[in-house]
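Visitor: Pasting a structure below so you can have a look.
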Amino acid sequence: MHKIKTAVLISGRGSNMMAILKATQNNDYPAKLNIVISNKPSAEGLKKAEEFGIKTVVLDHKTYKNRHEFEKDLDTHLRSANIQIVCCAGFMRILSPWFVERWKGKVLNIHPSLLPKYKGLNTHKRAIESGDTIHGCSVHFINSELDSGKIVLQKSIEILSDDTPQSLSERLLIKELEAYPQALKKIANELIHSKQLNKSN
């Protein structure tokens with residue numbers, strides 16, 4: 001079975017990365033995790049990925065003179081690994097229009113709100129303060145505008161009367177860990193299908 005070569009970009013503990021990694025261990029899953037890249041040398045997710053034999057790379061953004069130099073290196077690593085889909089999973093760097101354009105339609109992100117609601121930060125607090133009864137997460141493509149790319153998949157949960165931003169975040173994480181592997185599966189299958197169609201035409 002052909003599998004779509006995937007990279008995950010992280011900055012921290014790598015919980016969504018691990019959900020993707022575990023999904024890709026299944027023989028019938030259409031994507032393979034080839035590389036995990038972090039902009040933070042201390043990211044816990046690096047160690048977790050290494051334990052599964054996944055190649056890891058650290059590109060410490062603090063050692064680069066500007067964002068473009070950092071992204072040029074990131075682009076080089078992704079291309080040398082023949083990556084077809086990039087998943088940002090707790091990656092705390094905003095990608096420039098230059099990078100987004102080079103990887104147009106190939107970069108996914110997960111955001112803790114039901115987009116287009118609550119783009120940016122503090123989504124749980126904003127949902128509670130707005131009196132919402134439903135909250136959720138969205139897996140979407142990254143484009144040049146913050147949290148505005150095409151939505152692939154969303155999952156929702158009820159906001160409870162005694163929820164705090166912390167408790168809401170913890171309950172939503174369970175849905176995030178389901179959503180990202182499902183969204184990647186959907187996009188990978190579409191990619192494989194389109195390649196097969198192109199071959200038959």
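The values are calculated or read from the model by the stated rules, or taken from the named source; none is laboratory data. Only a predicted model underlies this, so the values are computations on that prediction, with no experimental measurement involved. Quick reminder, even Gly has a Cβ in these numbers, built from the backbone with ideal geometry, and neighbours come from all protein chains shown. Calculation scope for accessible area: heavy atoms of the full protein, side chains included, ligands and nucleic acids excluded. Shrake-Rupley method; radii C 1.70, N 1.55, O 1.52, S 1.80 Å.
Visitor: Output the direction-averaged projected area (hull surface divided by four) of the convex hull of the alpha-carbon atoms of the stretch 59-116, in nm².
Guide: So the mean shadow area of the Cα hull is 4.6 nm².
Visitor: Considering only DSSP beta bridges whose two residues both sit in the chain, what percent are antiparallel, to the nearest 5?
Guide: Close to 40 percent.
Visitor: Of the peptides 181-192, 148-159, how do they stack up when ordered by the mean number of other Cβ atoms within 10 Å, highest first?
Guide: Highest to lowest by the protection proxy: 181-192, 148-159.
Visitor: At a probe radius of 1.4 Å, what is the per-residue accessible area of SER96, in Å² to the nearest 10?
Guide: 10
Visitor: What ranking do 55-63, 120-128 get when scored by the average of other Cβ atoms within 10 Å per residue, highest first?
Guide: Those peptides, ordered most packed to least, come out 120-128, 55-63.
Visitor: Also, I was wondering about something else. Local charge sum around LEU9 (other residues, Cβ-Cβ under 13 Å, Lys/Arg +1, Asp/Glu -1)? Don't skip to the end; give the middle numbers.
Guide: Working: positive: LYS40, ARG93, LYS106; negative: GLU71, ASP73, ASP75.
Local net charge: 0.
Visitor: In whole percent, what relative contact order does the chain give with Cα contacts below 8 Å and a gap of six or more residues?
Guide: Working: 355 pairs, mean separation 41.1, N = 201.
Dividing the mean separation by the residue count of the chain yields 20 percent.
Visitor: While we're looking at this one, here's another question. If Lys and Arg each add +1 and Asp and Glu each add -1, what is the summed charge of the other residues whose beta carbon sits under 11 Å from the beta carbon of ASN34?
Guide: +4
Visitor: What are the lysines whose alpha-carbon lies under 17 Å from the alpha-carbon of LYS48, with same-chain residues fewer than 8 places away excluded?
Guide: LYS22, LYS32, LYS40
Visitor: While we're here: Suppose all protein chains stay in the model; what accessible area per residue would a 1.4 Å probe give for the chain, in Å²?
Guide: Dividing the accessible area of the chain by its residue count gives 53 Å².
Visitor: Using a 1.4 Å probe on the protein heavy atoms, what percent of the accessible area of the stretch 82-122 belongs to carbon and sulfur?
Guide: C and S fraction of accessible area: 57 percent.
Visitor: Largest first, how would TYR64, TYR29 line up by accessible area (1.4 Å probe)?
Guide: Output order, biggest surface exposure first: TYR64, TYR29.
Visitor: Sticking with this structure for a sec: Looking at the chain from every direction and averaging, what is the projected area of its Cα convex hull in nm²?
Guide: Details: hull surface 48.1 nm².
Computing the convex hull of the Cα atoms and averaging its projections yields 12.0 nm².
Visitor: Based on the Cβ-Cβ distance from TYR64 to SER169, what FRET efficiency comes out when R0 is 45 Å, to the nearest 0.05?
Guide: The formula returns an efficiency of 0.90 here.
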